[in-house]
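Let me begin by presenting the structure, written as structure tokens, before commenting on it.
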Amino acid sequence: MRKRVVITGLGGICGLGTNRSAIWEEMRNGRSAIGPIDNPLLHDLKVKVGCEIKAIPEHGIDRKQLVSMDRFSLLAVIAAREAAHQAGLISNEANTHRMGAIVGVGVCGWEAIEENYRAILLEGKNRAGIFTVPKVMPGAAAGQVSMNLGLRGPVFGVTSACSSSNHAITSAIDQIRLGRADVMLAGGTDAPLVWGILKGWEALRVLSPDTCRPFSADRQGLVLGEGAGMAVLESYEHAVARGATILAEIAGAGLSADASDIVAPTIEGPESAMRACLADAGLNPEDVDYLNAHGTGTKANDQIETAAIKRVFGDYAYKLSVSSTKSMHAHCLGASGALEMIACVMAIRESIVPPTANFRQADPDCDLDITPNVARERKVRAALSNGFAFGGTNAVLAFKAV
């Protein structure tokens, strides 16, 4: 019989708030943090809206560690520390080798990359910063989390674009089920609001000029945001033995690939991931009360995701509560799934389905109950979180009450 994996701590930071409670409060109230980006370095952009963290909170991270961290790593450490504190997690010589960290990231340390490009190409400096390489590497966030919290078990980064968080969490579940660890910090982080990244996304012509309106007929595209979300995962037995408060159980995960196109999604890939997740979790479609959709706000993504949900859930799809919280915290790339995990866990704990904000006009191709604009009271026994990414890599997680 395989080990059950539970969540005992959550941490988060994004444009909605600098801790999990603030983020959830804004989510349940349907308040979007999307707006003009306040950064003088972001010149010559056609689209200047995003969801940024206006001020980093006091964090107490030692300066010696701080100088070797890019923004995406800093956000991950802040979220991980909050999650560890809620879980009452303390590492020591007796348990440190049974604790690890896996952090998903979509675009790595582009803040440091751009700083060096400006210094060398524009300011005429002849060398890069000494910490450039350790700042920008995709696995930096996981390493920084492990160093800050003293975790000496399995530690590595995961990168799969917008599915990175869900893949990281799935990998952490596997470490516990395989007996390699008792406790894992897992989630995702990204800080993509830098000039080069925004110019790249601008070239794809998928960015909205005003805000994110998932499933609304007048949607114009996605909005980028920054943030991080982390969770403390542990085996059910380990959590009970140390008297930890269990927030929810991660019942299962489903992974798939479209094997089709680098940017255009298929219906079959997301469908396969959702079916695999339900099977892994031992859930019937009717057992799920809430689905946190990938819901980016692009024409194709929302229509295809709706069709995939209908295939998996059949007639019950119309009784399912669906929402996209990207309408509030925007698309935080590698961090999105981790922030949406907070929404799923809190929906289970408080029997509240967070809404899809900014909704204005029904779309006949997106005709599910997408919880428009206002949160809904509903007992949530189980929730699914969809993550579908460029490259056709799909990862879906199932959470349920304990």
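The values are calculated or read from the model by the stated rules, or taken from the named source; none is laboratory data. Everything numeric here is computed off the predicted structure, so don't read it as measured data. In this analysis, Cβ positions are derived from the backbone assuming ideal geometry, glycine residues included, and neighbour counts consider all displayed protein chains. Surface accessibility is based on the protein's heavy atoms, side chains included, excluding ligands, DNA and RNA. Shrake-Rupley method; radii C 1.70, N 1.55, O 1.52, S 1.80 Å.
Kindly indicate whether any position in the stretch 155-167 is in a helix (DSSP H, G or I), in contact (Cβ under 8 Å) with a residue 60 or more places away in the chain and more than 14 Å from the chain's Cα centre (by Cα).
No, because not a single residue in the stretch 155-167 is in a helix (DSSP H, G or I), in contact (Cβ under 8 Å) with a residue 60 or more places away in the chain and more than 14 Å from the chain's Cα centre (by Cα).
Identify the residue in the stretch 1-33 that is small (Gly, Ala, Ser) and not in a loop (DSSP other than H, G, I, E, B) and, among all such residues, is surrounded by the most Cβ atoms within 10 Å (Cβ to Cβ).
Gly12
Determine whether the stretch 4-17 contains at least one residue that is over 19 Å from Ala335 (Cα atoms) and either at pLDDT below 95 or basic (Lys, Arg) (or both).
Yes, some residue in the stretch 4-17 is over 19 Å from Ala335 (Cα atoms) and either at pLDDT below 95 or basic (Lys, Arg) (or both).
What's the total number of residues in the stretch 168-179 that are open to solvent by 20 Å² or more (accessible area, probe 1.4 Å) and within 12 Å of the chain's Cα centre (by Cα)?
0
Looking at the stretch 48-60 only, could you name the residues that are touching a Gly at 6+ places or on another chain (Cβ under 9 Å) and either surrounded by fewer than 21 Cβ atoms within 10 Å (Cβ to Cβ) or more than 20 Å from Gly221 (Cα to Cα) (or both)?
Val49, Ile53, Lys54
Tally up the residues in the stretch 196-225 that are surrounded by fewer than 22 Cβ atoms within 10 Å (Cβ to Cβ) and touching a Pro at 6+ places or on another chain (Cβ under 7 Å), please.
Residues flagged as surrounded by fewer than 22 Cβ atoms within 10 Å (Cβ to Cβ) and touching a Pro at 6+ places or on another chain (Cβ under 7 Å) within the stretch 196-225 amount to 1.
If Cys108 passes every condition in (1) over 20 Å from the mean Cα position of the chain (by Cα); (2) at pLDDT below 95 but one, which one does it miss?
(1)
When Arg205 is evaluated against the numbered criteria (1) in contact (Cβ under 8 Å) with a residue 60 or more places away in the chain; (2) on the phi > 0 side of the Ramachandran plot, which criterion, by number, is the only one it fails?
Result: Arg205 fails condition (1) only.
Mind checking which residues of the stretch 326-358 are open to solvent by less than 10 Å² (accessible area, probe 1.4 Å), within 21 Å of Pro36 (Cβ to Cβ) and in a loop (DSSP other than H, G, I, E, B)?
Selection gives Ala330, Cys332, Ala357.
Looking only at the stretch 374-402, filter to residues that are crowded, with 16+ Cβ neighbours inside 10 Å and either within 21 Å of Ile34 (Cα to Cα) or without any contact (Cβ under 8 Å) to a residue 12 or more places away in the chain (or both); which one of those is farthest from the chain's Cα centre (by Cα)?
Top of the filtered list is Ala375.
What do you reckon, is Ala22 free of Cβ contacts under 8 Å to residues at least 40 places away in the same chain, under 21 Å from Ala335 (Cα atoms) and among the aliphatic types (A, V, I, L, M)?
For Ala22, the condition - free of Cβ contacts under 8 Å to residues at least 40 places away in the same chain, under 21 Å from Ala335 (Cα atoms) and among the aliphatic types (A, V, I, L, M) - is met.
Tell me, yes or no, whether the stretch 180-189 has at least one residue that is open to solvent by less than 10 Å² (accessible area, probe 1.4 Å), touching a residue at least 40 places away in the same chain (Cβ under 8 Å), touching a Lys or Arg at 6+ places or on another chain (Cβ under 8 Å) and of a type outside the set (Val, Ile, Thr).
yes
Within the stretch 346-370, count every residue that is touching a helix residue (DSSP H, G or I) at 6+ places or on another chain (Cβ under 8 Å) and either at pLDDT below 95 or of a type in the set (S, T, N, Q) (or both).
Residues flagged as touching a helix residue (DSSP H, G or I) at 6+ places or on another chain (Cβ under 8 Å) and either at pLDDT below 95 or of a type in the set (S, T, N, Q) (or both) within the stretch 346-370 amount to 2.
Would you pick out the residues in the stretch 300-323 that are under 17 Å from Val206 (Cα atoms) and either outside any helix (DSSP H, G or I) or open to solvent by less than 10 Å² (accessible area, probe 1.4 Å) (or both)?
Selection gives Asp302, Glu305.
Any idea how many residues of the stretch 129-142 are touching a residue at least 40 places away in the same chain (Cβ under 8 Å) and under 10 Å from Val155 (Cβ atoms)?
Here the count works out to 1.
Which one is nearest to the chain's Cα centre (by Cα) among residues in the stretch 244-270 that are closer than 28 Å to Gln175 by Cβ and charged (D, E, K, R)?
Here the answer is Glu249.
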